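The values are calculated or read from the model by the stated rules, or taken from the named source; none is laboratory data. Bear in mind the structure is a predicted one, so any value in this text is a computation, not a measurement. Counting neighbours? That spans all protein chains shown, and the Cβs are built from the backbone with ideal geometry, glycine included. The area values use the complete protein model at the heavy-atom level, side chains included, leaving out ligands, DNA and RNA. Shrake-Rupley method; radii C 1.70, N 1.55, O 1.52, S 1.80 Å.
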Amino acid sequence: MQFIDLAAQQQYIRKGLDKRIADVLSHGGYIMGPEVGELEMRLAEFCGVKHALGCANGTDALQLAMMAMGVMPGDAIFCPSFTFASTAEIVPMMGATPIFVDIVPDTFNICVKSLERAIAAAKELGLRPTGVVAVDLFGLPADYDAIEAIASAEGLWVLADSAQGFGADYKGRKTGSIGKMATTSFFPAKPLGCYGDGGAIFTNDDDLADLVKSYRVHGKGSHKYDNERVGINSRLDTLQAAILLEKLSVYAEEIEKRQVVANRYQAALADIIKTPSVPDNMVSVWAQYTVTCGEGQDRETIMSRLKDDGIPTAVYYPRPLHQQTAYSAYPSDPEGLPHSESLSNRVFSLPMHPYMQSDDQNRVIDAVIKAIPR
Ligand SMILES: *Cc1c(COP(=O)(O)O)cnc(C)c1O
């Protein structure tokens with residue numbers, strides 16, 4: 001059994017993929033070819049945002065967004081600690097300071113009370129609270145209404161790191177369209193992935209979009225050899241855009257299929273182990289289906305029993321950022337990050353993808369029931 005079965009998806013869309021790839025080989029526009037613009041238009045349509053701009057990967061997407069918003073030394077940027085390193089990694093690269101915030105254990109996303117404490121702490125340290133990077137962890141949108149209320153009261157921007165949650169639903173708004181800017185990743189294992197690296201930046205702001213277009217091509221101005229600013233080289237390959245166009249055409253359908261898998265897990269496992277909760281008015285894209293071990297449930301024992309039964313599992317994330325070597329010296333919520341620390345020892349994720357057949361789901365469910373002592 002596969003943890004994420006990309007081959008099943010490929011089989012389903014293979015004809016269209018072959019045609020799209022053949023088109024690129026014929027026209028030869030490998031850099032910023034027509035597929036890139038077409039994909040950007042379709043992505044913007046999909047999530048209801050004015051500008052979608054491709055780039056080389058989801059980490060560069062965060063960098064380009066922060067460059068466009070002018071992040072600089074002295075800025076305090078608030079990030080959850082329970083996330084992938086990319087969420088915070090660009091902040092010190094821009095000379096600014098990441099401040100780590102705890103999460104809500106039910107949703108795995110930013111806790112706004114912890115965010116408020118972290119903002120106060122940043123001010124005491126003489127830093128300038130500037131922005132919040134909200135993560136849609138495991139495919140579930142962060143609580144944007146609550147985050148945006150604090151952000152607007154404090155004059156902060158919200159950058160949505162939707163690498164795992166592109167296209168999820170938050171109270172009728174789609175991720176990608178939420179926040180001053182949003183980013184995603186097309187890493188193959190993400191809900192919307194390509195066959196290599198890729199990423200995108202989203203915004204409704206024309207000026208920010210223009211800045212991203214410039215920064216992603218060396219800071220170009222209207223004349224190719226008169227660069228207006230110092231930029232980077234971060235474009236989405238035409239071939240990857242071609243592949244993504246085909247994948248995007250089935251993405252809405254795949255989100256529904258992921259929900260069917262999640263519903264089955266929920267119905268069969270909710271009494272056995274803590275299953276993920278999705279707040280009212282939200283739809284997750286289920287980048288991961290992550291369960292949480294409770295009292296007397298030892299994660300390593302359960303995972304090894306599942307492995308013996310042929311069920312692959314994975315731990316996202318075994319160590320929160322504020323406890324990692326590169327990030328442990330940065331400030332965090334002065335009351336500590338107990339949920340990030342506790343969950344990193346208790347969570348694991350089950351196989352989840354849109355093409356999972358019901359007999360495979362039954363195998364997972366039976367094995368989990370067998371693996372957990374009661
Ligand atoms: C995957 C991921 C990224 C980075 O994406 P890359 O394309 O691998 O650079 C950023 N943030 C989160 C939350 C991610 O899961």
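Here the chain has 50 percent of its accessible surface on carbon and sulfur atoms, given a 1.4 Å probe and all protein chains in place.
The H on the amide N of G33, modeled in the peptide plane, is under 5 Å from the matching H of T238, each at least 5 residues off or on a different chain. Sites count as exposed loop sites when they are GluC sites (Glu not before Pro), lie in a DSSP loop, and have at most 14 other Cβ atoms within 10 angstrom; the longest stretch of the chain without one is 1-227.
Largest first, the three principal axis extents of the alpha carbons in region 10-58 are 30, 26, 19 Å in whole numbers.
Taking the chain, how much of its Cα-Cα pair set, in percent, is spaced more than 36 angstrom apart? The share of Cα pairs beyond 36 Å in the chain comes to 23 percent.
Phi-derived couplings, Karplus 6.51 cos²θ - 1.76 cosθ + 1.60 at θ = phi - 60°, listed residue by residue for region 70-76: x, 4, 8, x, x, 6, 9 Hz, with x used for Gly and Pro. Taking amide H atoms as placed 1.01 Å from N in the peptide plane, the amide H of V158 lies under 5 Å from those of V132, K180, M181, each 5 or more residues away in sequence or on another chain. If both residues of a DSSP beta bridge must be in the chain, then about 55% of such bridges are antiparallel.
Per residue, the solvent-accessible area of region 271-312 (1.4 Å probe, heavy atoms of protein chains only, all protein chains present) comes to 48 Å². Backbone phi angles across region 158-164, fed through the Karplus curve with coefficients 6.51, -1.76 and 1.60 (θ = phi - 60°), yield HN-Hα couplings of 10, 10, 8, 8, 9, 4, 9 Hz in residue order; Gly and Pro are listed as x. Computed from phi, the 3J(HN,Hα) profile of region 8-16 under the Karplus parametrisation 6.51, -1.76, 1.60 (θ = phi - 60°) reads 5, 5, 4, 4, 5, 10, 4, 4, x Hz, with x in place of Gly and Pro.
In this rough spin-label picture, where each label sits 7 Å from Cα along the Cβ direction, the N233-A252 distance is 3.8 nm.
Placing unit charges on each Cβ (+1 for Lys and Arg, -1 for Asp and Glu) gives region 251-371 a dipole about its Cα centre, and among V278, Y355, A267 the Cα reaching farthest toward its positive end belongs to Y355. Helical runs assigned H by DSSP (4 residues or longer) give the chain a calculated mean residue ellipticity at 222 nm of -13000 deg cm²/dmol, each run adding -39500 (n - 2.57) before division by the residue total.
Just round it to a whole percent: the fraction of Cα-Cα distances in region 251-371 exceeding 24 Å. More than 24 Å apart: 35 percent of the Cα pairs in region 251-371. Taking other residues whose beta carbon is less than 11 angstrom from the beta carbon of P373, and scoring Lys, Arg as +1 and Asp, Glu as -1, yields +2.
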